[in-house]
Amino acid sequence: MNHQPYYLTTAIAYTSRKPHIGNTYEIVMTDALARFRRMQGYDVFFLTGTDEHGQKIEEIANAAGITPQAHVDKIAGEIRDICDLLQTSYNKFIRTTDAEHTKTVQDIFQRLYEQGDIYKGEYVGKYCTPCESFWTDSQLADGKCPDCGREVRDAKEEAYFLRLSKYQDWLEEYIETHPDFIYPDSRKKEMLNNFIKPGLQDLCVSRTTVKWGIPVPFDPKHVIYIWIDALSNYITALGYDVAGNHGELYRKYWPADVHIIGKDIVRFHSIYWIIMLKMLGQPLPKRIFGHPWMLFGEDKMSKSRGNVIYADELVARFGVDAVRYYLLSEMPFASDGSITYETMIERFNSDLANTLGNLVNRTVAMINQNFEGKVPAADLIAAAPAEDCDTDLQAVAEATAPKVAELLDAFHVSDAVNAVMDLARRCNKYIDETTPWTLAKKPESKPRLAKVLYSLLCGIRCIGGLLKPFMPTAAVEILKHVPEQGVDAESEFAGYGVFGGVAYGEPVGEAKPLFVRINAQQMIAELQAMQEAAAQAAAVAEQTPELEPFAEEITIDTFAQSDLRVAEVLSCEKVKKSSKLLCLQLFDGVARRQVVSGIAKWYAPEDLVGKKVLLVANLKPVKLCGVESCGMICAADLSDGSCKVLFMDDAIPAGSRIH
C-alpha cells in the first residue's frame, strides 16, 4: 500500500465578491484529484483558501461603509460554504488574514530585503486597480491593461522591488530543462516566449497608497503587495519558517506535487513564485498546471449580461453530483469549457438519468423480480457458460481503472470521467445484447440470466468505485446496491479495476431512480425568466449612483448644532473672478444675507431667483474669491458629477427651521 505524501493546492480565491461557477471549477477539479490519490493510497494534503488583501477590497469595503476585515470575513465565509456545498475534501482552508500567515510573510519580506533580493525604489508607470497590477507603457494593450482590458491610471509612488531580473537566466534554463514543470506545454511556451525571454523586470512588491495589507516590518508606511503575500500561502499553511525551524507539515509535504491554477495566473506562479522560492533556498513545486476557463456559452460570465451562474443555484436545481459531473466532464484539457442551462439539462438527462441511473435501476429491478432481491448464487452463475459479450464486458471493465488512472496522472480529467461513462454505456449495450427480459421468461435460461445480472453488478461495482473522485455521493448510492466482498488489489482504486468482488446471495436493495429526468422545456422557461430578471437588476444597479459611505454616527445634540432654515432667493449674480461661483442674496426670515455657492456650472442666476432653498444659517462666514459668504445652501451630488439644489416648498415661510 502506498503511503507516500502528496501535496496539491488550488489558487486561493480573491475575496472581492462571491465566486461564480467558473471560479469554482478549480476547487472541484482539485478535489477529484485529491480523492483519486487517496484511493491510490497516498497520504494527501489538499490546500485551498482565500486571498484577502489589496486595493480593490479596500475600495469595495469603503464603498459599502464597512471595514475591509468585515468584508473579507463575509466573502471568505461564502467561498468556504461553496467549497463545502460541492463536497470538496480540503485538509486546510487558509486565509491571508490569518495571524500565522501574516507573521511568516513579514519574515519572508525581511529575509529577502536583508539578503538584497528586495530593494527600495520608486515606481512610475500605469496601474490597473481590478488586477492590482503595475505596467509600463510598452506592456499595455491598446493603452489598456493587457490582462483584463480595463483602463489604467498613472501611478507614481515609493516602493520596494523584488529583484527578478537577477534570476532570469536561471529561470529560463530551469524551465527548459524541466519540460513537465509547466503543464500543458502551451502554457510553458507562453511563459518563455511572452514573458521570460523578452526580459524580466523587477517586481513592485509594496504599496504606500493602500492601507489594507500586511505592513512591511521595518517600514510600516508600506504594505506588502499581493504577490509575496498571496503566493506565500502554499508554504505558510504548512508551517514554513525562514529560520529553518519548519513545522511538521512542511517537513512532510513540501515541495508541492502540483499547483492547480487558472491559465490567467500561470505567469505569477511560474515566474514570481518560483523565483521567490529560489531566493529562499527552498525546493520548487514539482508541477504547475494551468487549467482553462469555464465560459457561459462562448462568453465570459457577466452580471450585466445576466449570465452569471452560481454553484449554490445549480446545486439547488440539479444536485451536487450533477454539478460536479458537468464541470468535470465538460472542461477540456487545454481549451475553454462551456456551460449553459440547456447543455446542463441535456447532459443530466442523457448521461445521468439515462445512461447511468437507468443502468443501475433496471439491473436492481430485474434482480428483485427474478432472484428475490439478492445477488444470484455462485453455483447457479457457474452453470452458465461464458459468451463473447461476457468476456468483452469484463475486458472493458478491467481496462477502465488503469485508463482512468493514466488520464488523471496527466490531468485529463474530462477524459477520465468520460472513460467511466463509457463503461456504463458498454453495460447498457450488454443489456441489449443479452436481453435479460427475454431470458426471464424461460425457466431453462435461469443460469444465463443469473450470469448476465451478476456481470452487470460487477460492471456497476467498477463504475461506482471509479466515480468516487468525481461524484462521491452518487458513487456511495450506486455501491449500496452492490454488496461488495474483498478483492486482491494494491489499492482501493485498483480494486475497482477487478471484475468481481460482488458478494453472492446478499440483498441489492430497492430499485429507485438515482437521477430523475428533468422537464427541459419547463426548467428552461423558468431559468430564462430568472436570467432576464437578473439582467434587469444589473442594469438598474449600473444606473444607480455609487453612494459614498455614511459618516460616523452622531447624537441628536450634535445634529442640533446645525441651524437649518428655509430662505428665499432675492437676487443672484455670477462672481466675477470665478466660473464656478454664484453670489446669492437671501432673505432668511429675519434679514438679508449673502451666500456664495459653487453651482454656476449647473444653474443660471435667473433659475434661482424667487426659489426657496435650504440654508445652513449658523455656518462661520468665509471669503470665496474675495466675496464674503455667510452660510451655505444645500445640494445633492449626483453620479454623473453634477449637483441639484434642494428647493423647498413655496408654502413654507422663509426663516422656518428644519428639524
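For region 460-508, the set of residues classified as more than 15 Å from GLU398 (Cβ to Cβ), part of a loop (DSSP other than H, G, I, E, B) and not assigned by TED's automatic domain parsing to the domain that holds THR363 consists of ALA503, TYR504, GLY505, GLU506, VAL508, listed by residue number. Need pairs with beta-carbon distance below 8 Å; first residue closer than 19 Å to GLY501 by Cα and within region 397-421, second assigned to a helix (DSSP H, G or I) and among the polar types (S, T, N, Q); sequence gap 6+ or separate chains. Filtered contacts from region 397-421: VAL420/THR400.
Looking at region 440-459, which of its residues are aliphatic (A, V, I, L, M) and part of a helix (DSSP H, G or I)? Residues satisfying the conditions are LEU449, ALA450, VAL452, LEU453, LEU456, LEU457. Restricted to helices (runs of 4 or more DSSP H) entirely inside region 151-231, those with at least 1 residues that are modelled with pLDDT of 95 or more and surrounded by 13 or more Cβ atoms within 10 Å (Cβ to Cβ) are 168-177, 226-231.
Listed conditions (1) part of a strand (DSSP E or B); (2) touching a Cys at 6+ places or on another chain (Cβ under 9 Å) are all met by GLU122, apart from (2). The residue that is surrounded by the fewest Cβ atoms within 10 Å (Cβ to Cβ), counting only those in region 568-609 that are of a type in the set (Ser, Thr, Tyr) and closer than 12 Å to VAL645 by Cα, is TYR603.
Note on region 93-149: among residues that are closer than 20 Å to GLY262 by Cβ and modelled with pLDDT of 95 or more, the one that is surrounded by the most Cβ atoms within 10 Å (Cβ to Cβ) is THR96.
Taking residues in region 36-64 that are touching a residue at least 40 places away in the same chain (Cβ under 8 Å) and under 26 Å from PHE134 (Cα atoms), and partners anywhere that are among the small types (Gly, Ala, Ser) and buried (at least 22 other Cβ atoms within 10 Å of the Cβ), the pairs with Cβ atoms closer than 6 Å and at least 6 places apart or on different chains are THR50/ALA13; ASP51/ALA230; HIS53/GLY213.
In region 3-38, which residue that is assigned to a loop (DSSP other than H, G, I, E, B) and polar (S, T, N, Q) is farthest from THR340 (Cα to Cα)? Give the derivation first.
Initial filter on region 3-38 (assigned to a loop (DSSP other than H, G, I, E, B)): 3-4, 11-12, 15-20.
Still in the list and also polar (S, T, N, Q): 4, 15-16.
Values: GLN4: 40, THR15: 25, SER16: 25 Å.
Only one residue tops the list, namely GLN4.
When the residues of region 483-503 are narrowed to those that are free of Cβ contacts under 8 Å to residues at least 40 places away in the same chain and of a type in the set (A, V, I, L, M, F, W, C), which ends up nearest to ALA377 (Cα to Cα)?
If we filter region 483-503 for residues that are free of Cβ contacts under 8 Å to residues at least 40 places away in the same chain, which is where we start, we get 484-489, 495.
The next check asks that each one be of a type in the set (A, V, I, L, M, F, W, C); those that pass are 487, 489.
Details: VAL487: 18, ALA489: 24 Å.
If we take residues in region 483-503 being free of Cβ contacts under 8 Å to residues at least 40 places away in the same chain and of a type in the set (A, V, I, L, M, F, W, C), then VAL487 is nearest to ALA377 (Cα to Cα).
Would you mind stating whether ALA382 is of a type in the set (A, V, I, L, M, F, W, C), loosely packed, with under 15 Cβ neighbours inside 10 Å and over 30 Å from THR30 (Cα atoms)? Here the answer is yes, as ALA382 does meet what is asked.
The values are calculated or read from the model by the stated rules, or taken from the named source; none is laboratory data. Computed from a predicted structure; not experimentally measured. No Cβ is skipped: glycine too gets one built from the backbone with ideal geometry, and neighbour counts run over all protein chains shown.
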